[in-house]
1. Taking segment 159-171 only, how many residues are open to solvent by 70 Å² or more (accessible area, probe 1.4 Å), in a strand (DSSP E or B) and within 14 Å of Phe130 (Cβ to Cβ)?
2. Which of the residues belonging to segment 15-50 are more than 30 Å from Gly92 (Cα to Cα) and open to solvent by less than 80 Å² (accessible area, probe 1.4 Å)?
3. Between a residue in segment 77-100 that is in contact (Cβ under 8 Å) with a residue 12 or more places away in the chain and on the phi > 0 side of the Ramachandran plot and any residue that is among the aromatic types (Phe, Trp, Tyr) and open to solvent by 10 Å² or more (accessible area, probe 1.4 Å), which pairs come within a Cβ distance under 9 Å, given they are 6 or more apart or on different chains?
4. Checking the condition among the aliphatic types (A, V, I, L, M) and in a helix (DSSP H, G or I), which residue from Ile42, Ile78 passes?
5. Name the residues in segment 108-136 that are surrounded by 17 or more Cβ atoms within 10 Å (Cβ to Cβ) and in contact (Cβ under 8 Å) with a residue 60 or more places away in the chain, would you?
6. Looking at Ser8, is it surrounded by 14 or more Cβ atoms within 10 Å (Cβ to Cβ) and without any contact (Cβ under 8 Å) to a residue 24 or more places away in the chain?
7. Return the residues of segment 81-107 that are assigned to a loop (DSSP other than H, G, I, E, B), modelled with pLDDT under 95 and open to solvent by 50 Å² or more (accessible area, probe 1.4 Å); say none if nothing qualifies.
8. Identify all residues within segment 61-80 that are under 15 Å from Lys32 (Cα atoms) and either open to solvent by 30 Å² or more (accessible area, probe 1.4 Å) or out of contact with any Pro (no Cβ under 7 Å at 6 or more places or on another chain) (or both); write none if there are none.
Amino acid sequence: MDDENPTSVNEKELMEYYGYTGTFGNFRMKMKFLHSWILHSIAYSCPHSETTAKIQRLRGVKIGKNCHFSAYVQLDLIYPHLVSIGDNVTFGSNVIVFAHTNPAANLFLKNGEFPRKVAEVKIKNGAVLFPGSIVTAGVTIGENSVISVGSVVTSDVPDYCVVVGNPGRVIKKIDH
């Protein structure tokens, strides 16, 4: 384990996940991520919400109708296809959504208690993610729920709830 190169380990994990093999597979994987990164870079600073949604869909993000994206929203760069967004969802500036976690340069942690985690993120209809909020891998944000400014969501949020803090916790149920 001490002689392993973290970069090689990460590339191997990604190639296995995406089903790429050999040198050409490594090249294909890098081109896939370059393409995704270019599209993300355009969407990231785009001032037009509908254009941002179209570009993110080209990356593989599943996005419903009538969503609003403020500038500087980051949707997972490596696994965009694992991010699913319902209709009428609002993203404030600097929201980050991760569909994976990975202690990329620390093989001790990666090979021990903190391996790469890859899991779908679902944001249901009508959810609002206020600026600076972060959603981690494997989380579902409930319908018409509100994620407060700067909150870090590490577990599922039920429908019609308000979440605040780090880690995010439900502080209120919304009457409906």
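1. 1
2. Within segment 15-50, Met15, Tyr18, Gly19, Tyr20, Gly22, Gly25, Asn26, Met29 qualify.
3. If the second residue must be among the aromatic types (Phe, Trp, Tyr) and open to solvent by 10 Å² or more (accessible area, probe 1.4 Å), the pairs left are Asn94/Tyr72.
4. Exactly one residue qualifies, and that residue is Ile42.
5. Scanning segment 108-136 gives Lys110, Arg116, Val118, Asn125.
6. No, not satisfied.
7. Ala105, Asn106
8. Hits for segment 61-80 are Asp76, Leu77, Ile78, Tyr79, Pro80.
The values are calculated or read from the model by the stated rules, or taken from the named source; none is laboratory data. Keep in mind that what you see is a predicted model, and the values were worked out from it rather than measured. Here Cβ is always computed from backbone atoms with ideal geometry, including for glycine, and neighbour counts include all displayed protein chains. Side chains are part of the model used for accessible areas, which takes the heavy atoms of the whole protein and leaves out ligands, DNA and RNA. Shrake-Rupley method; radii C 1.70, N 1.55, O 1.52, S 1.80 Å.
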